[in-house]
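Please read the structure below before turning to the comments.
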Amino acid sequence: MSVLRILPYVFYVVAVLFFFVPGETVGIVMAIGAVFAAMGFGHLAQKQETRKRRQALGDFAVERGLTFVAEGDAAYAGLPLAHTTKHKGKVLWVIRGRYLGRDIASFDHEYVVGSGKRRKVVQRTIAFVEFDSDLPGLSLDHWSDTVFMRLGERLGLVHDVKTSDIAFDKAFQVESQDEAFALQVLYPAMREWLLRVSRDWAFQVAGRYAACLGPERQAIDVSRLPDLLEACIQFERQIPSWVLSTPFRATPSA
């Protein structure tokens, strides 16, 4: 039974106890009632936000002649991207169709982080295009120089690729198990383009897919969705055609 369904009963019990329970106990009873009320209103606010997002995404799709699939598409959760491989979850709010001359799709990926009291359900917005090539895994994120990242590098758990471009290497963390492939993708024009795009976007390549991802643990506002879709399309267009036609041996996602 949901919190909202039991909330009226909680208020009823609190009201009865208020009249029949000794005064020193009333404060405790009211405190318990307040907790349930807060839970109920929080749940209601979350449901309202979900409805608003669904409506806004549906309107966005209709205005641009795209298809909106409110129930999502479970197949997208199995994309071989580094993010969807690491975080198992479900797909919400799929938008797909032709945009800026390219077939593209986007969705909110809902997944769990933390455990126990720190457990939290979060979302990340992902846009991707598909091509005929079968490419190794590659992840491009704005650099986050932490103790854990440095330790991972020393232990060989982080496959960090350096391009010898000082400005780019300071800005981006590049992970791939195929360094030759990564360096071919990151030719000078690609590096220059990546340095100009929003720091909110990350990029991944794996198998037949190239993707642009919004910030972790936070679905982007619908007003920014055009920027995400365009960044994904431009990223794929920056990949040289000769790289796409090279018979690489596909490796797991970075």
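The values are calculated or read from the model by the stated rules, or taken from the named source; none is laboratory data. Here the structure is a predicted model, which means the values were calculated and not measured. Methodologically, a virtual Cβ is constructed for each residue, glycine included, from the backbone with ideal geometry; neighbour enumeration extends over all protein chains shown. When the accessible area is computed, the model is the full protein with side chains, heavy atoms only, and any ligands, DNA or RNA have been set aside. Shrake-Rupley method; radii C 1.70, N 1.55, O 1.52, S 1.80 Å.
In the stretch 95-144, the qualifying residues are those that are acidic (Asp, Glu) and within 12 Å of residue 233 (Cα to Cα), and the one that is nearest to the chain's Cα centre (by Cα) is 130.
Determine whether the stretch 57-80 contains at least one residue that is open to solvent by 40 Å² or more (accessible area, probe 1.4 Å) and within 12 Å of the chain's Cα centre (by Cα). No; the residues of the stretch 57-80 include none that is open to solvent by 40 Å² or more (accessible area, probe 1.4 Å) and within 12 Å of the chain's Cα centre (by Cα). For the stretch 187-208, the criterion of being open to solvent by 30 Å² or more (accessible area, probe 1.4 Å), of a type in the set (Phe, Trp, Tyr), under 16 Å from the mean Cα position of the chain (by Cα) and within 26 Å of residue 57 (Cα to Cα) is met by none of the residues.
Consider the stretch 87-104 and keep the residues that are free of Cβ contacts under 8 Å to residues at least 24 places away in the same chain and not small (Gly, Ala, Ser). The one that is surrounded by the fewest Cβ atoms within 10 Å (Cβ to Cβ) is 88.
Residue count for the stretch 209-227 satisfying the condition of being open to solvent by less than 10 Å² (accessible area, probe 1.4 Å) and within 20 Å of residue 173 (Cβ to Cβ): 5.
Note on the stretch 152-231: enclosed helices (runs of 4 or more DSSP H) holding 3 or more residues that are in contact (Cβ under 8 Å) with a residue 12 or more places away in the chain and either among the basic types (Lys, Arg) or closer than 27 Å to residue 107 by Cβ (or both) are 179-185, 188-196.
If the condition is being more than 22 Å from residue 56 (Cα to Cα) and among the charged types (D, E, K, R), then the stretch 69-104 contributes 86, 88, 102. Sub-6 Å Cβ pairs linking a first residue in the stretch 114-128 that is at negative phi to a second residue that is among the charged types (D, E, K, R), at least 6 apart or interchain, are 122/217; 123/108; 123/110; 124/216; 125/108, ordered by first then second residue. Looking at the stretch 105-116, is at least one residue open to solvent by less than 40 Å² (accessible area, probe 1.4 Å), among the aliphatic types (A, V, I, L, M), at pLDDT 95 or above and touching a strand residue (DSSP E or B) at 6+ places or on another chain (Cβ under 6 Å)? Within the stretch 105-116 (the criterion being open to solvent by less than 40 Å² (accessible area, probe 1.4 Å), among the aliphatic types (A, V, I, L, M), at pLDDT 95 or above and touching a strand residue (DSSP E or B) at 6+ places or on another chain (Cβ under 6 Å)), the answer is yes, since at least one residue qualifies.
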